[in-house]
Amino acid sequence: MILDYDKVLCGRMYIDGQLTYSEVGIADGKIAAVGKHVAGGEERIDLGTSMTVLPGFMDPHVHLRDPGLTHKEDFPTGTSAAVCGGVTCVLDMPNTKPPVTDVETLLDKKRAVRGRAFADYGLFAAVTPSCPVGLLSKHVPAFKMFMGSTTGNILMNDDEEIAPLMDEIAMTGKVLSVHAEDDNFIDHKTQENCCQDHLRNRPVEAEFSALRRLAPYKDRVKINICHCTNAEQVRRASELGFTTEVTMHHLTFDALSNTSAFYKTNPPVRDAATRDALYKAFLEGKITMFGTDHAPHTFEEKTQEFDSAPGGIPGVETCMPMIMEKVRAAEIPLSLAVRMGAEAPCERFSVKKGRIAVGYDADFSIFDMRKVTEIDLRKLHTKAGFNPYQGMRAVFPDTVIIRGQVQVSEGELCGEPIGRDICG
């Protein structure tokens, strides 16, 4: 029997851990069939043998600044940047203005961004002493806890306040992503003039202390440690059963070589030896997933005096293209890129994406691995007025498909704002 597929995609695809010629039948935005030959289809797209067809990537950690900070980024620009980087789903952090800490604010944010996204998305809620965890859980893919200071009055660094909320989160079964820097170890008073000063004021012990304080919840709460900066942190988190995220900036930069506020971020880029050990842990497959912590700011904001400049580095559009260049150069295996960029985050946050398999969303990031380019801020889609990866090599996707609909073609954004909230 030939099913009435909307599309049949044909090409060299990453399925069950290997690249192989396959055909995929797509119906109602889902993958309905996978095989060597899938008959029928209202439209057949033959990608030939030169393209590498991967599942769409997920970025589980972005700050799209919408609402309240839209001079830095908004949902249309942030999700345009995502899809042009091969990312078909983003999870947006709650430290917007106002911060998402209650149901009313969350639903207001959902209404504000609906119909304006080019990628699918989920909206986090922030854990605070008074937040209604049970009511919020129905509307969010996960919760976020900030143990280190950040935008908005949402710091959670008191164990007596954290404990009862952990019980509530455990009952929901949702993931808790944690900015795991113990604020007690952060020096907020000593002036900073460069990234080395920022590193001094936010020592690695802040991260170790946060893990020690989270350890009692390891068997009850699904904890995810955001933006890991060092291999020892990754090791300790993994031993506790926590999943881990890593950013491209912590894998790339160091505080001595990269000193200006363009590289200022929380937690900080560390010394070269720490960065190199983190990179080694990444190569060895010890980190669960990429999470860019995409944090755009204007050029004017980042060129203030260092102490006044905001922390944060954009990355949603450049992370996976830089990773694909590492695949092309045989620096990392394709399996590691797909696991950390697609399979692991989608699995951790219970999203039916990230694999080319029946029943999953028909999301694809399709690359011509021969087309290497250099990152050019002028060609990116984010509002961020700076990019520390300027001039670095990358392989951007040729085609990006979300739920069967082409959003990027020949490297150019061509789709509409079809993005859906993964939590309704």
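The values are calculated or read from the model by the stated rules, or taken from the named source; none is laboratory data. Computed from a predicted model, the values in this text were never measured in an experiment. Every residue, glycine as well, gets a Cβ built from its backbone with ideal geometry; the counts of neighbours run over all protein chains shown.
Pairs linking a residue in the range 136-150 that is closer than 15 Å to Pro99 by Cα to a residue that is of a type in the set (Asp, Glu), with Cβ atoms under 7 Å and 6 or more positions apart or on different chains, are Ser149/Asp183.
Scanning for something without any contact (Cβ under 8 Å) to a residue 40 or more places away in the chain and surrounded by 19 or more Cβ atoms within 10 Å (Cβ to Cβ), does the range 258-274 turn up at least one residue? Steps first, answer last, please.
Taking the range 258-274 as the starting set, the residues that turn out to be without any contact (Cβ under 8 Å) to a residue 40 or more places away in the chain are 272-273.
With surrounded by 19 or more Cβ atoms within 10 Å (Cβ to Cβ) added as a condition, the list becomes none.
No; the residues of the range 258-274 include none that is without any contact (Cβ under 8 Å) to a residue 40 or more places away in the chain and surrounded by 19 or more Cβ atoms within 10 Å (Cβ to Cβ).
Among residues of the range 329-352 that are more than 22 Å from Val395 (Cα to Cα), those with a beta-carbon under 8 Å from a residue that is surrounded by 15 or more Cβ atoms within 10 Å (Cβ to Cβ) and among the small types (Gly, Ala, Ser) at least six positions away or on a different chain give the pairs Cys346/Gly354; Glu347/Gly354; Phe349/Gly122; Phe349/Ala142; Val351/Gly122. Of all the numbered requirements in (1) under 24 Å from Gly122 (Cα atoms); (2) in contact with a helix residue (DSSP H, G or I) (Cβ under 9 Å, 6 or more places away or on another chain); (3) not aliphatic (A, V, I, L, M), Glu331 misses one, and that requirement is (1).
Here the condition is being of a type in the set (A, V, I, L, M) and under 30 Å from Thr298 (Cβ atoms); of Ile186, Ile162, it holds for Ile186 alone.
The strands (runs of 3 or more DSSP E) located wholly in the range 1-69 that include 2 or more residues which are farther than 22 Å from Asp120 by Cα occupy 7-15, 18-27, 30-35, 43-46.
Among the criteria (1) in a helix (DSSP H, G or I); (2) surrounded by fewer than 22 Cβ atoms within 10 Å (Cβ to Cβ); (3) not acidic (Asp, Glu), the one His250 does not fulfil is (2).
In this structure, does Arg339 turn out to be under 23 Å from Val400 (Cα atoms), buried (at least 17 other Cβ atoms within 10 Å of the Cβ), out of contact with any Ser or Thr (no Cβ under 6 Å at 6 or more places or on another chain) and not aromatic (Phe, Trp, Tyr)? So Arg339 fits the description; yes.
Residue-wise test of (1) crowded, with 24+ Cβ neighbours inside 10 Å; (2) more than 23 Å from Lys144 (Cβ to Cβ); (3) not assigned by TED's automatic domain parsing to the domain that holds Ile225.
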residue: His294; (1), (2), (3): yes, no, no
residue: Pro310; (1), (2), (3): no, no, no
residue: Ile313; (1), (2), (3): yes, no, no
residue: Pro333; (1), (2), (3): no, yes, no
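Screening Asp182 against (1) surrounded by fewer than 22 Cβ atoms within 10 Å (Cβ to Cβ); (2) out of contact with any Ser or Thr (no Cβ under 6 Å at 6 or more places or on another chain); (3) acidic (Asp, Glu) leaves a single unmet condition, (2).
Only a single criterion out of (1) touching a Cys at 6+ places or on another chain (Cβ under 9 Å); (2) touching a residue at least 24 places away in the same chain (Cβ under 8 Å) is not satisfied by Glu43, namely (1).
Restricting to the range 353-388, what's the tally of residues that are in contact (Cβ under 8 Å) with a residue 12 or more places away in the chain and either on the phi > 0 side of the Ramachandran plot or among the charged types (D, E, K, R) (or both)? It would help to see each step written out before you state the result.
Keep residues of the range 353-388 that are in contact (Cβ under 8 Å) with a residue 12 or more places away in the chain, which gives 353-377, 380-388.
Remaining after also requiring either on the phi > 0 side of the Ramachandran plot or among the charged types (D, E, K, R) (or both): 353-355, 359, 361, 363, 368, 370-371, 374, 376, 383.
Count: 12.
Could you please let me know if Pro67 is modelled with pLDDT of 95 or more and out of contact with any Gly (no Cβ under 9 Å at 6 or more places or on another chain)? Working first, answer last.
Working: modelled with pLDDT of 95 or more: yes; out of contact with any Gly (no Cβ under 9 Å at 6 or more places or on another chain): yes.
Answer is yes for this residue.
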